[in-house]
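The values are calculated or read from the model by the stated rules, or taken from the named source; none is laboratory data. Since this is a predicted model, take the numbers as computed values, not measurements. Positions of Cβ are backbone-derived with ideal geometry, glycine not excepted, and every protein chain shown enters the neighbour counts. Note: areas computed on protein heavy atoms with side chains; ligands, DNA, RNA excluded. Shrake-Rupley method; radii C 1.70, N 1.55, O 1.52, S 1.80 Å.
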Amino acid sequence: IARGHRCEARQDGRRDHGLKHMGKQAKALKVTLVRSLHGQLANIAASARGLGLRRIHQCVEVPDTPENRGMIQTAVHLLKVEQDG
């Protein structure tokens, strides 16, 4: 049995990894990791990693969804958040 993220095949043959595709009017958040994850509780570090942040001063753009807002709220003391759009 393969480990990892399961994805479903779409009708056009490409894989859909469960990501919400950002449309033209979808709002995005620019999130930057400004403090280290070292020494943080496991759920805080997992939330930052779930946002795609691995290194200090790394920036990612994530869709403005309730799930991402929850992860940001968990690690807000380590992050800088800017709203785009």
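Structure above, values below:
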item	result
Search result, residues across the stretch 71-85 that are open to solvent by 30 Å² or more (accessible area, probe 1.4 Å), closer than 20 Å to residue 36 by Cα and either touching a residue at least 12 places away in the same chain (Cβ under 8 Å) or β-branched (Val, Ile, Thr) (or both)	71, 74, 76, 77, 80, 81, 82
Residues within the stretch 40-51 that are closer than 24 Å to residue 26 by Cβ and exposed (fewer than 14 other Cβ atoms within 10 Å of the Cβ), tallied	0
